[in-house]
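Asks: Below is one structure. I have some questions about it.
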Amino acid sequence: LSNSGKTNTNLRGIKTTSKNNMSQETMQNIEHSIFVGAWNAVASDVHETAKSKGWWDSNRSDSEAVCHMHDELSEAHEGMRNGNPPDDKVPEFSAAEAEYADTIIRIMDHAKARGWRVAEALIAKAAFNKTRPYKHGKKF
């Protein structure tokens, strides 16, 4: 958001016109704080569910957790290779959408268990990526 009176879209996808005294940086900081709070609340819920379902009955290795994340991405790929049909467990979403969600759930669960600040890292990495050259300076 800015204070120039232009129409903007915030992180929640809401178009707004702002002529207040808050700077764009202040608004961005507020939205980042909301995002981090929401991410952490969902991560806590996801982690508690995983614990209650037995995923943390013993201390899981980081390698095992990463393999499960990779499994979810592989399932997304497989779904897309097969035309990205409705998911078999949540059919209101495509296979890719559901498997991407499963990947994020796995990431949230593992990060919460380790006390890692993934939401904050996501914001920092997104900001850093804005400073990188086209295709990160690589020839793909």
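The values are calculated or read from the model by the stated rules, or taken from the named source; none is laboratory data. Just so it is clear, the structure is predicted and the values come from calculations on it, not from any experiment. Heads up, the Cβs are rebuilt from the backbone with ideal geometry, glycines too, and the neighbour counts pull from every protein chain shown. For accessibility, only protein heavy atoms count, side chains too; no ligands or nucleic acids. Shrake-Rupley method; radii C 1.70, N 1.55, O 1.52, S 1.80 Å.
Asks: In terms of solvent-accessible area of protein heavy atoms at a 1.4 angstrom probe, what is the ranking of His47, His136, highest value first?
Replies: Solvent-accessible surface, decreasing: His136, His47.
Asks: Right, here's the next one. Would you mind checking the tilt of helix 95-114 against the longest principal axis of the Cα atoms of the chain, expressed as 0 to 90 degrees and rounded to 10?
Replies: 90
Asks: Further question on the same structure: Got the relative contact order for the chain handy, in percent, Cα pairs under 8 Å and 6 or more residues apart?
Replies: Once normalised by length, the contact order is 19 percent.
Asks: Under 12 Å between alpha carbons, and skipping anything fewer than 8 positions from Lys112 in its own chain: which aspartates and glutamates qualify?
Replies: Asp45, Glu48
Asks: What number, rounded to the nearest 500 deg cm²/dmol, is the helix-based mean residue ellipticity at 222 nm of the chain, given -39500 (n - 2.57) per DSSP H run of at least four residues and division by all its residues?
Replies: After summing the helix terms and dividing by the residues of the chain, the value is -20000 deg cm²/dmol.
Asks: What is the distance in Å between the Cα centroid of region 104-140 and that of region 31-82?
Replies: Region 104-140 and region 31-82 have Cα centres spaced 15 Å from each other.
Asks: Order Tyr134, Tyr100 by their accessible area, 1.4 angstrom probe, all chains in place, largest first.
Replies: Largest accessible area first, the list is Tyr134, Tyr100.
Asks: Moving to a separate point now. With every protein chain present, what accessible area does Trp39 have (1.4 Å probe, heavy atoms only), rounded to the nearest 10 Å²?
Replies: Here the residue's solvent-accessible area equals roughly 40 Å².
Asks: Which of the three applies to region 80-132, rounded, prolate or oblate, going by the alpha-carbon gyration tensor with a ≥ b ≥ c and a/c under 1.5 meaning rounded?
Replies: Judged from the Cα gyration tensor, region 80-132 comes out oblate (a/c at least 1.5, b/c at or above a/b).
Asks: Still on this structure, please answer the following. What is the angle, in °, between the Cα long axis of helix 62-81 and the longest principal axis of the Cα atoms in the chain? Nearest 10 is fine, range 0 to 90.
Replies: 80
Asks: Quick one: with all protein chains in place, what share of the accessible area of the chain is carbon or sulfur, to the nearest percent (1.4 Å probe)?
Replies: 55
Asks: Let me ask something else. Along the charge dipole of the chain, pointing to its positive end and built from +1/-1 on Cβ of Lys, Arg, Asp and Glu, which listed residue (Ala98, Gly137, Ala65) has its Cα farthest out?
Replies: The one lying farthest along the dipole's positive direction is Gly137.
Asks: Among Met22, Ala127, Val36, whose Cα projects farthest towards the positive end of the dipole of the chain, with charges put on the beta-carbon of Lys, Arg (+1) and Asp, Glu (-1)?
Replies: Met22
Asks: Per residue, how many Å² of accessible area does the chain show with a 1.4 Å probe?
Replies: Heavy-atom SASA per residue in the chain reads 71 Å².
Asks: Please calculate the 1.4 Å probe accessible area of Lys138, with all protein chains present, and give it to the nearest 10 Å².
Replies: Taking all protein chains as shown, Lys138 has close to 120 Å².
Asks: Can you work out the FRET efficiency for the pair Leu122 and Arg81, with r the C-beta to C-beta distance and R0 = 30 Å, to the nearest 0.05?
Replies: That pair, Leu122 with Arg81, gives E of 0.60.
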